[in-house]
Amino acid sequence: MLDDRAKLLLKALIERYIADGQPVGSRTLSKASGLDLSPATIRNVMADLEDIGLIVSPHTSAGRIPTAKGYRLFVDTMLTVQREELRSPELAPDQPQKVIANAAQLLSSLSQFVGVVMAPRRQSVFRHIEFLRLSERRLLVIIVSPDGDVQNRVIFTEVDHSQSQLAEAANFLNSHYSGMGMEEVRERLKTEVDQLRGEIASLMQAAVNIGSEAMAASQEEVIISGERNLLALSDFSNDMGNLRKAFELFEQKTQILRLLDVSNRAEGVRIFIGGESQVVPFEELSVVSAPYEVDGQVVGTLGVIGPTRMPYDRMIQIVDITSKLVTNALSHRR
């Protein structure tokens, strides 16, 4: 447990480092804290804070900078968010994908960091399916979604099928299951195709399996905007290794998706400090995120990715307001 003096000095140190990006020395901290303490006393407190892992001294400077543990204590116990009206535009609810893309751009422009949005996960539903025989045991499956999106996949079957057999299978699927989700179709096929020959049943199961995968792959799960904003930050522009790691994270997207999935299961704004866990594996990056809803149900997550020394109070406001804008736009579009 820290006493009030140590808390005040830690808070002043972190706020100064967020503002300047430079290690904070005892003389600077004395002025920033407003406490009437001798430099020796401040040095002793800073040494204590360093011993318990809240700050660290870079080898190039006598000043200190916060650790992930220090940031976490600051965010959880010392941060006071002053609510202010951000001038943020309405998100036009004309198309869900446009709302999501605009939200990522809005997060980026307001924060001057990187905006990320996990798109709503839609159920894979088909309106129409066709099979086309390409050659022996090689078929083209054509799947049309309710909104007209067309997915084509080539599959290989264990036995050869004639075009009339393929038409029979397609007609059965279209007449009995059109408009249903692929998962529901897959389950019902297990019990409802006894009247069909075994090879036709297996063909339809294969088609539903690849159809589900194809339609899921067609959805861009994570939209990222503003990666180039990191180039203007000394935290990254002065260290190409850090910059490369950040851009690799944005390119592969799986780590971001995993992170946003975690946020999806929580209420309100969450803050992930870089380096404190494997959720955000890079010490130089932190994430502020919040879920958004459609008609009262959480369907996705959005957030801001920036340097660990980001102004957390303002990022909380930006993320919180944007999640409400997206919720309103998507919920009122019908």
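The values are calculated or read from the model by the stated rules, or taken from the named source; none is laboratory data. Note that the structure is a prediction, hence the values are computed from the model and not measured. Using ideal geometry, Cβ is built from the backbone for each residue, glycine included, and neighbour counts are taken over all protein chains shown. Surface areas here come from the heavy atoms of the whole protein model, side chains and all, with no ligands, DNA or RNA. Shrake-Rupley method; radii C 1.70, N 1.55, O 1.52, S 1.80 Å.
With the requirement that a residue be at pLDDT 80 or above, within 33 Å of the chain's Cα centre (by Cα) and open to solvent by less than 80 Å² (accessible area, probe 1.4 Å), what does the range 153-184 give you?
Residues satisfying the conditions are 154, 155, 178, 179, 180.
Would you mind telling me which numbered condition in (1) surrounded by fewer than 17 Cβ atoms within 10 Å (Cβ to Cβ); (2) at pLDDT below 90 residue 134 fails?
(2)
So residue 261 ticks every box in (1) surrounded by fewer than 20 Cβ atoms within 10 Å (Cβ to Cβ); (2) without any contact (Cβ under 8 Å) to a residue 60 or more places away in the chain; (3) out of contact with any helix residue (DSSP H, G or I) (no Cβ under 7 Å at 6 or more places or on another chain) but one. Which box is left unticked?
(2)
Name the residues in the range 8-42 that are of a type in the set (A, V, I, L, M, F, W, C) and touching a strand residue (DSSP E or B) at 6+ places or on another chain (Cβ under 9 Å), would you?
Passing the criteria: 10, 12, 13, 14, 18, 24, 29, 32.
When you look at residue 288, is it over 16 Å from residue 226 (Cβ atoms), surrounded by 16 or more Cβ atoms within 10 Å (Cβ to Cβ) and touching a helix residue (DSSP H, G or I) at 6+ places or on another chain (Cβ under 8 Å), yes or no?
Working: over 16 Å from residue 226 (Cβ atoms): no; surrounded by 16 or more Cβ atoms within 10 Å (Cβ to Cβ): yes; touching a helix residue (DSSP H, G or I) at 6+ places or on another chain (Cβ under 8 Å): yes.
Spelling it out, it is not the case that residue 288 is over 16 Å from residue 226 (Cβ atoms), surrounded by 16 or more Cβ atoms within 10 Å (Cβ to Cβ) and touching a helix residue (DSSP H, G or I) at 6+ places or on another chain (Cβ under 8 Å).
Are any residues in the range 1-38 part of a helix (DSSP H, G or I), open to solvent by less than 70 Å² (accessible area, probe 1.4 Å) and free of Cβ contacts under 8 Å to residues at least 60 places away in the same chain, and if so, which ones?
Let us first name the residues in the range 1-38 that are part of a helix (DSSP H, G or I), namely 4-20, 26-33.
Remaining after also requiring open to solvent by less than 70 Å² (accessible area, probe 1.4 Å): 6, 9-14, 17-18, 26, 28-30, 32-33.
6, 9, 12, 13, 26, 28, 29, 30, 32, 33, listed by residue number.
Just to be sure before I move on: is residue 112 surrounded by fewer than 23 Cβ atoms within 10 Å (Cβ to Cβ), modelled with pLDDT of 90 or more and more than 18 Å from residue 169 (Cα to Cα) in the structure I sent? Walk me through how you get there before you give the answer.
Values: surrounded by fewer than 23 Cβ atoms within 10 Å (Cβ to Cβ): yes; modelled with pLDDT of 90 or more: yes; more than 18 Å from residue 169 (Cα to Cα): yes.
Answer is yes for this residue.
Return a yes/no flag: does the range 71-83 have any residue that is among the basic types (Lys, Arg), part of a helix (DSSP H, G or I), surrounded by 13 or more Cβ atoms within 10 Å (Cβ to Cβ) and at pLDDT 85 or above. So that I can check it myself, show each step before the final result.
Within the range 71-83, the subset among the basic types (Lys, Arg) is 72, 83.
Checking the rest, the ones that are also part of a helix (DSSP H, G or I) come to 72.
Okay, now just the ones that are also surrounded by 13 or more Cβ atoms within 10 Å (Cβ to Cβ), so 72.
Of the ones still in play, those that are also at pLDDT 85 or above are 72.
Yes, the range 71-83 contains a residue that is among the basic types (Lys, Arg), part of a helix (DSSP H, G or I), surrounded by 13 or more Cβ atoms within 10 Å (Cβ to Cβ) and at pLDDT 85 or above.
Please verify whether the range 286-295 includes one or more residues that are in contact with a Lys or Arg (Cβ under 6 Å, 6 or more places away or on another chain) and either modelled with pLDDT of 90 or more or part of a loop (DSSP other than H, G, I, E, B) (or both). Outline the logic, then answer.
First, the residues of the range 286-295 that are in contact with a Lys or Arg (Cβ under 6 Å, 6 or more places away or on another chain): 289.
Among the residues that remain, those that are also either modelled with pLDDT of 90 or more or part of a loop (DSSP other than H, G, I, E, B) (or both) are: 289.
Yes, the conditions are met somewhere in the range 286-295.
Looking at the structure I just gave you, is residue 293 without any contact (Cβ under 8 Å) to a residue 40 or more places away in the chain, open to solvent by 30 Å² or more (accessible area, probe 1.4 Å) and among the charged types (D, E, K, R)?
On the way: without any contact (Cβ under 8 Å) to a residue 40 or more places away in the chain: yes; open to solvent by 30 Å² or more (accessible area, probe 1.4 Å): yes; among the charged types (D, E, K, R): yes.
Taking the combined requirement at face value, the residue satisfies it.
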